[in-house]
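Chemist: Questions regarding the structure given below will be posed in turn.
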Amino acid sequence: MQTKRRVFLKGSLAASAAGLAVGAGLLSPRAVLAAAADWPEAAFESESMDSALSELFGSGDVAESGDISVKAPDIAENGAVVPVTVESSIADSDRVAIFVSKNPTPLVASFDLSGAKPFVSTRIRMGETDNVTGVVHAGGKLYKASKEVKVTIGGCGG
């Protein structure tokens, strides 16, 4: 009986705190809605890496760089969850994007890191064995690095 009372009191306290935060305007979707206005929808719907690059960055001119590291497993047993880390040591890096060219839509993720360390770690989907490419925007130019990942079970409908 005591346990149920404590659970009820904790739940009531959490619900009232959330209600107060919403009422005070502390929890609102304003920031999310503002970000949605800048959503690069055409880039995420592009069916080729070149067109996605052009839509996302305004240019498809990308140079290879040894200052970008792409970490991913050599073999991904399940293409639905492939851990990927992209890190840049290029000065003024402000945006990072992850591409898998053989996916139905090659642009997997895009991050605006203005004022933050250019480091991204996430899990992506891969339909088949391909290169995972990290593209970094720094100083008005684009740089990339790639790593091949062999996929044994496809994640994009395979």
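Chemist: Residue 38 versus residue 105, label points 7 Å from Cα toward the beta carbon: distance in nm?
Modeler: The two pseudo-label positions are separated by 2.0 nm.
Chemist: With r defined as the distance between the Cβ atoms of residue 141 and residue 114 and R0 fixed at 22 Å, what FRET efficiency is calculated, to the nearest 0.05?
Modeler: E(calc), rounded to 0.05, equals 0.85.
Chemist: Suppose R0 equals 30 Å; then what is the FRET efficiency for residue 153 and residue 69 from their Cβ-Cβ distance, rounded to the nearest 0.05?
Modeler: 0.70
Chemist: What is the gain in length, in nm to one decimal, between residue 121 and residue 81 on full extension, counting 0.36 nm per residue of separation less the C-alpha to C-alpha distance?
Modeler: Full-extension gain reported as 13.2 nm.
Chemist: Here's something else I'd like to know. Pull out the extension gain between residue 48 and residue 92, defined as 0.36 nm times the separation in residues minus the alpha carbon to alpha carbon distance; nm, one decimal.
Modeler: Once the chain is fully extended between residue 48 and residue 92, it gains 13.1 nm.
Chemist: Is segment 41-151 rounded, prolate or oblate when judged by the Cα gyration tensor, a ≥ b ≥ c being the square roots of its eigenvalues, rounded requiring a/c under 1.5 and prolate requiring a/b larger than b/c?
Modeler: In terms of gyration-tensor shape, oblate.
FYI, it's all coordinate maths here, none of it is from the lab. This structure is a prediction, so every number in the text was calculated from the model and none was measured. All Cβ positions, glycine included, derive from the backbone under ideal geometry; neighbour counts span all protein chains shown.
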